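These notes are about the structure you will find just below.
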Amino acid sequence: MDNGLTRLIPALAVATAMSMAAGCGGGGGGGGNSNAPVADNPSDLAPITSSNAQEISGEVLDSVEETAELGRFGDFGTVGFVAAAGDPSLSKAAVAAATKAGPAQAGGLRTIMAAAFDLTDAPCEVDGTVSISAQLSEQDSLQPGDFIEFSFDQCDNGDGEVVDGRVSWTIDTFSGDPDTGLFKLGARLAFDNLVAASEGETGRVTGAIDMLMDTETYPLISASHSGERLAMSDGVHTVIFEDWITAVTADESSQPAAYTWDASGSVDVPEHGGKVTYNVLETFTGFGDAEPDAGVLYVEGQDGGNITLTVLSQGQVQLDIDYDGDGVIDDSKLVTYEDLDG
């Protein structure tokens with residue numbers, strides 16, 4: 001294996017898998033409180049109190065933005081795309097190798113396909129190994145049922161990151177041209193204890209994502225990703241998504257690009273005694289790397305206690321809190337994104 005490709009494969013594997021997988025969006029949103037997911041066991045829900053409401057709000061908003069942040073994927077052919085704003089520390093750690101646009105731009109989908117088809121096992125640049133296996137119907141395209149797996153064993157390519165664990169793709173649908181970057185892709189991505197360690201931070205991803213991506217109508221790009229369970233950890237804090245879906249769109253005809261995101265699901269907040277469900281009532285919208293300038297998110301916990309987060313202007317959020325779920329707002333707070341970030 002030539003040195004350039006040796007360096008490229010691990011970054012591409014993690015970057016492409018995580019970025020393509022998670023950057024999904026395209027539709028969704030709207031609706032009312034009845035659309036919020038219902039927990040399997042209501043006793044698992046966290047209570048919403050005056051002492052934790054703002055912190056829970058921040059946990060949920062950050063967590064949802066992390067799934068939208070995974071919508072940042074590199075340059076596959078001619079298409080460059082940044083789907084969502086925000087800079088959540090957890091997703092940065094958990095996908096340390098995943099959101100690097102540089103390696104993805106270097107080869108894109110075509111390199112992933114060729115590498116997976118041609119290579120089986122190789123040493124990494126500095127230490128460790130990467131093993132690649134695939135069941136592909138043909139080399140020039142992807143077909144339903146195609147399977148690609150990357151297995152990293154403490155793979156160190158000298159770029160400051162050490163990758164361990166496995167990530168696999170199972171292709172459901174594919175159409176278009178990977179050379180141009182204009183395609184539709186449906187795939188299931190499974191992460192088996194995928195770990196990326198970099199500069200003292202260790203990000204870990206376990207679970208599976210079902211994703212759809214459509215770049216054929218560029219400059220309008222849409223994608224959606226969902227799953228039954230996805231756990232992300234930065235070594236200190238863990239976020240667990242269950243029965244979730246995140247939808248992201250970007251319109252690059254404007255500069256900066258306009259984006260939207262919608263989401264629903266549940267997220268575990270163990271430090272608060274359980275999980276909460278969430279549902280976007282009004283689509284979040286914004287431009288470029290800026291915070292959303294509109295959007296409404298509904299969060300519900302134990303005994304119907306709930307929080308409605310409303311973006312009033314860029315950087316400001318109003319929290320309307322109903323502690324006991326009786327339909328009466330008990331408290332309202334005007335906070336900034338910085339406040340919610342803790």
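The values are calculated or read from the model by the stated rules, or taken from the named source; none is laboratory data. Computed from a predicted model, the values in this text were never measured in an experiment. Virtual Cβ from ideal backbone geometry, glycine too; neighbours counted across all protein chains shown. Remember, those area values only see protein heavy atoms, side chains included, never the ligands or the DNA or RNA. Shrake-Rupley method; radii C 1.70, N 1.55, O 1.52, S 1.80 Å.
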Using a Förster distance of 41 angstrom, determine the FRET efficiency expected from the C-beta separation of Gln318 and Asp127, and round it to 0.05. 0.20
Roughly how much of Thr202 is accessible, in Å² to the nearest 10, using a 1.4 Å probe? 50
I'd like to compare 148-155, 259-266: which one has the highest average count of other Cβ atoms within 10 Å, and what's the full order after that? 259-266, 148-155
Here the FRET efficiency for Arg166 versus Glu228, based on Cβ atoms and R0 = 22 Å and rounded to 0.05, is 0.75
The size of the Cβ-based charge dipole (Lys, Arg +1; Asp, Glu -1) of segment 174-299 about the Cα centre, to the nearest 20 debye, is 340
Each label point is 7 Å from the Cα along the Cα-to-Cβ direction; what then is the distance between the points at Leu220 and Asp330, in nm? 4.4
With the cut-off at 1.5 for a/c, could you classify segment 192-342 from its C-alpha gyration tensor as rounded, prolate or oblate? oblate
Enter the accessible area per residue of segment 190-283 (Å², integer; probe 1.4 Å; all protein chains in place). 39
Stretchable slack from Gln135 to Glu55, in nm (0.36 nm times residue separation minus alpha-carbon distance): 24.2 nm
